[in-house]
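Since the structure comes first, as structure tokens, the remarks are kept for the end.
Read-outs: derived from the displayed coordinates by stated rules, not from any lab. This structure is a prediction, so every number in the text was calculated from the model and none was measured. Cβ atoms come from the backbone with ideal geometry, glycine included; neighbour counts cover every protein chain shown.
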Amino acid sequence: MTDWATIASLATAGGTLVLAGATFAAIRSASRSARISEHVARTAERSLLAGQRPLLVNSRLQDPAQKMQYPEGKWLTADGGTAALEVTGDAVYLAVSIRNVGTGLAVLHGWHVGAGMRTGRSHPPLEEFTTQNLDIYVAPGDNGLWLSALRDPAAGVFQTVAGAVNASQPLAVDLLYGDFEGGQRVITQFSLRHANERWLAQATRHFNVDRPDPR
């Protein structure tokens, strides 16, 4: 006699197995689709960030001179590829002609200056940077001028930098900047060397602050 109960049980088990297989395939497909969607989203995000990423270097020697006024009325002019430095009894005036070779607007946030050349693969701690009183903007593919001043003659950095300028010794300037949304921050180190009666500026190293360093 036909054992209908057994047949029904086997049919149910077979149906359950087919359903389980279909469910597994659907979950696997959904997981694969989610991974693909996540990869596409990450790629799109990277492309968007790359499109607004600034990168500052020294301007070229053939670039035009730039002139800027300080709040107290002091004027400094920096030719292409150079820096303008001046020491008075009350201030050390600093300006560097720069160029944005990145694809996004550069917004300068802060700076650090010291005497001598930097040879190590490091930058000063962020807490040692001086915040810009006003944001400085440099459009992509365009030139700009960074400027600031040391105004405390009693400070050690004032005396050190003033002495280096008066003795025509090299200086190191670190500029902290990012994109127009405040992200993708970068520190670019510039070396300033006195030659042929002028201060030559050269970007020597870049450091990523908010993302992994490529080196």
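Some observations on this one:
- Which of L134, L200, L192 has the fewest Cβ neighbours within 10 Å, and the rest in rising order: L134, L200, L192
- Summarising the label geometry, the points placed 7 Å from Cα in the beta-carbon direction at Q69 and T23 lie 7.7 nm from one another.
- Within the stretch 90-166, the ratio Rg/Rh, alpha carbon atoms throughout and Rh by Kirkwood, equals 0.99.
- Per-selection metrics, the stretch 125-215 (Cα): Rg and Dmax in Å: 14.8, 40
- Cβ-Cβ FRET estimate between R121 and V157, R0 fixed at 25 Å, reported to 0.05: 0.65
- Cα convex hull volume per residue for the stretch 56-208 (Å³): 108 Å³
- The stretch 141-214 and the stretch 66-94: distance between their alpha carbon centers, rounded to Å: 14 Å
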